[in-house]
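Heads up: the structure comes next, in structure tokens.
What follows draws every value from the coordinates through simple rules; no lab data is involved. From a predicted model like this one, the values you see are computed outputs, not experimental measurements. Methodologically, a virtual Cβ is constructed for each residue, glycine included, from the backbone with ideal geometry; neighbour enumeration extends over all protein chains shown.
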Amino acid sequence: MNSRERVLRAFGRRKGKPDRVPIQFEMCRQLYEHFAKKLRIPATYTENLYEDVTYRISANELRLAMGCDVVVTGASVSDNFKIEPNENGHWLNEYKMLMRQGDIYVEVVDYPLAHAQTKEDVEAFSFPDPDAPGRFRDAEALVKKYKDEYLVIGDIEVTVFSLAHQLAGMEKLLIDMMMETEYVIPLFEACAEFQTQIGLRLIEKGVDAIWFGDDFGTQTNLIIPPETFRDQLKPVYKTMIERFKEAKPDIIPILHCDGAVAELLDDIHEIGFEVFNPVQPGVPGHLPKDMKSRFGDKFSFWGAIDQQDLLPNGTDEELENDIIEKINILGKGGGYMISPAHIIQNDVSPERVEKFIELCLKHGKY
């Protein structure tokens, strides 16, 4: 069974169980460079419009050689775009956000829609050109090379809610959502339209799935009330999936959503999402047995291995026990692709990454 068939079965698109639980992971640049040197396979980077997404969609050749069962691709920055750091080392990205490099992830220093109040303020903002030169060069090449052996996922993360708060600022957006300020819904719709265009072009290139990414939860609860999500955001995502389905009826809609979001999963299912990622461990409502019993008939699961503490700090025995538990519960009868719950950072040793892959292969057979 090749990787493509394995993942299609895990995601419920082909009958029968896969031969083993499929594996997926992505890493920070330091780990990519380490394994590129060790395996003598170049780490090729697709620089995404939002910098941190780069590590989701890069080094596919390297990750496949290490045991990954899917290819993840996405939009690149335009050939015409060049980063020009200022005297503080900050730079404007293609969204016109002023950025700086944080300890792990990039951070927004200044928001281009920090003063938005009206629909006209949103209409005056120019999103990047979806058809800019070079935008989908890497995606097209990856689909052509790997489509017969691997499931290819098109990544449009930082999709609607996350893109909106990176444009306007989180505190401002949350307050204005509660106040129902005029610009909020037009901003969500504008973000959705931009990412819909990106997704449609990825579908044209031949991807099998579209991976949305917006975080609605914290480590303990939801960021916004459920009714606010249902009124202001749910219809926008539903329309996006409908348009993707019109373009490709068998496209697989996937949602990445961090935090304690079990309270929204029925709504997320009603929107049309079929795969839930990353099933963040250690937060309320996300025990594997609860996820499988409550939502196993609604979603396939992808993720669930803790990269905040277990991967960098746990013992090999603790990691092995966790992998066994997640496979036995979330993977029962199929419906699971095992993965760390986020990008593996450089607090995780290369040896530990190899141990994770080894243990997934050891315990993942059906």
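Report, for the chain, the % of DSSP beta bridges that are antiparallel, rounded to 5. Show your work: numbers first, answer last.
Numbers: 8 of 33 bridges.
The antiparallel proportion sits near 25 percent.
Listing LEU222, LEU187 from the residue with the fewest other Cβ atoms within 10 Å to the one with the most, what is the order? Don't skip to the answer; put the middle values down first.
Working: LEU222 17, LEU187 25.
Lowest to highest Cβ neighbour count: LEU222, LEU187.
Taking the chain as the reference, fit the longest principal axis to its C-alpha atoms, fit the long axis of helix 170-179 to the helix C-alpha atoms, and give the angle between the two in degrees, 0 to 90, nearest 10.
The helix 170-179 is inclined about 70 degrees to the chain.
Here are some pairs, LYS17/LYS292; LYS96/LYS248; LYS234/LYS298; LYS15/LYS248; LYS96/LYS119; which of them have Cα atoms lying more than 24 Å apart in this structure? Show your work: numbers first, answer last.
On the way: LYS17/LYS292 16 Å; LYS96/LYS248 32 Å; LYS234/LYS298 17 Å; LYS15/LYS248 20 Å; LYS96/LYS119 19 Å.
Pairs exceeding the cut-off: LYS96/LYS248.
Kindly express, to the nearest 10 degrees and within the range 0 to 90, the angle between helix 234-247's C-alpha long axis and the longest C-alpha principal axis of the chain.
70 degrees
Provide the net charge surrounding ALA139, with neighbours chosen by a C-beta distance below 10 Å and charges set as Lys +1, Arg +1, Asp -1, Glu -1.
Numbers: positive: ARG135, ARG137, LYS144, ARG201, LYS205; negative: ASP138, GLU140, ASP155, GLU204.
For residues surrounding ALA139, the net value is +1.
Most fluctuating residue of LYS205, LYS38, LYS234 in a GNM of the chain with Cα springs under 10 Å: which is it?
Result for the chain, Cα springs under 10 Å: LYS38 fluctuates most.
In nm, give the distance between the simple-model label positions of GLU263 and GLU33, each being 7 Å from the Cα along the Cα-to-Cβ direction.
Output for this residue pair reads 4.3 nm.
With a Förster radius of 41 Å, plug the Cβ-Cβ distance of ARG294 and MET1 into 1/(1 + (r/R0)^6) and report the FRET value to the nearest 0.05. Spell out each step's value before the answer.
Working: r = 29 Å, r/R0 = 0.72.
Computed FRET efficiency for ARG294 and MET1: 0.90.
Residue-wise, which Karplus ³J(HN,Hα) couplings in Hz belong to the stretch 82-98, taking 6.51 cos²θ - 1.76 cosθ + 1.60, θ = phi - 60°, and x for glycine or proline?
Ordered by residue, 3J(HN,Hα) equals 10, 6, 10, x, 8, 5, 8, x, 8, 8, 8, 8, 5, 7, 6, 7, 7 Hz.
State the Cα centre-to-centre distance between the stretch 136-188 and the stretch 48-82 in whole Å.
Using only Cα atoms, the two centres lie 15 Å from each other.
May I ask you to compute the full-extension gain from LYS15 to GLU107, defined as 0.36 nm times their residue separation minus their alpha-carbon distance, rounded to one decimal in nm? Each step should come with its number before you reach the end.
Details: separation 92, 0.36 × 92 = 33.12 nm, distance 4.34 nm.
Gain on extension, LYS15 to GLU107, equals 28.8 nm.
May I ask you to give the average projected area over all directions of the convex hull of the Cα atoms of the chain, in nm² rounded to one decimal? Don't jump to the answer; show the numbers that get you there.
On the way: hull surface 69.1 nm².
If you wrap the Cα atoms of the chain in a convex hull and average its projections, you get 17.3 nm².
Quick one: net charge of ASP306's neighbours, Cβ under 13 Å, K/R +1, D/E -1? Can you show the working numbers first?
Numbers: positive: LYS326, ARG352; negative: ASP258, ASP309, GLU318, ASP322, GLU325, ASP347.
Its environment carries a net charge of -4.
Pulled fully out, how much extra length does the chain show between ALA114 and LYS82, if you take 0.36 nm times their separation in residues and subtract their Cα-Cα distance? Don't skip to the end; give the middle numbers.
Numbers: separation 32, 0.36 × 32 = 11.52 nm, distance 2.37 nm.
Once the chain is fully extended between ALA114 and LYS82, it gains 9.2 nm.
Toward the positive end of the charge dipole of the stretch 195-235, about the Cα centre and with charges on Cβ (Lys, Arg +1; Asp, Glu -1), which of GLY217, PRO235, ILE198 goes farthest?
ILE198
Please check: in the Gaussian network model of the chain (C-alpha springs, under 10 Å), which one of GLY314, GLY102, GLY333 has the largest mean-square fluctuation.
Highest fluctuation of the listed residues: GLY102.
Ranked by Cβ crowding within 10 angstrom, fewest neighbours first, how are SER339, SER162 ordered?
Working: SER339 27, SER162 21.
If I rank by nearby Cβ atoms, fewest first, I get SER162, SER339.
Measuring from label point to label point, each 7 Å out along Cα→Cβ, what is the GLU123 to THR220 span in nm?
It works out to 4.3 nm between the two label points.
Per-residue HN-Hα couplings for the stretch 307-313, Karplus 6.51 cos²θ - 1.76 cosθ + 1.60 at θ = phi - 60°, whole Hz, x for Gly and Pro?
9, 7, 10, 4, 5, x, 10
Which stretch or stretches of the stretch 1-42 have amide N atoms under 16 Å from the point lying 7 Å from LYS147's Cα along the Cα→Cβ direction?
The answer is 4-5.
Taking neighbour counts of Cβ atoms within 10 Å as a proxy for exposure, in what order, fewest first, do CYS28, CYS257, CYS191 appear? Spell out each step's value before the answer.
Numbers: CYS28 18, CYS257 22, CYS191 25.
The most exposed by this proxy come first: CYS28, CYS257, CYS191.
Report the GluC sites (Glu not before Pro) located in the stretch 52-134 that are in a DSSP loop and have at most 12 other Cβ atoms inside 10 Å of their Cβ, or state none. Working shown, then result.
Working: sites: GLU61, GLU87, GLU94, GLU107, GLU120, GLU123; in loops: GLU87, GLU94.
Here the sparse-neighbourhood loop sites are GLU87.
Once the Cα gyration tensor of the stretch 7-77 is diagonalised, what are the square roots of 5 times its eigenvalues, in whole Å and ordered largest first, as equivalent ellipsoid semi-axes? If you can, show how the numbers build up before the last one.
Values: eigenvalues 126, 52, 13 Å².
Those come to 25, 16, 8 Å.
Check GLN307: other-chain or 5+ apart residues with amide H under 5 Å from its amide H, H built from backbone geometry?
Answer set, sorted by chain and number: ALA341, HIS342.
Between the helical axis of 137-146 and the dominant principal axis of the chain, each derived from Cα atoms, what acute angle in degrees is found, rounded to the nearest 10?
20 degrees
Once you've got the GNM for the chain with C-alpha springs shorter than 10 Å, pick whichever of VAL353, VAL106, VAL71 has the biggest mean-square fluctuation.
Largest GNM mean-square fluctuation: VAL106.
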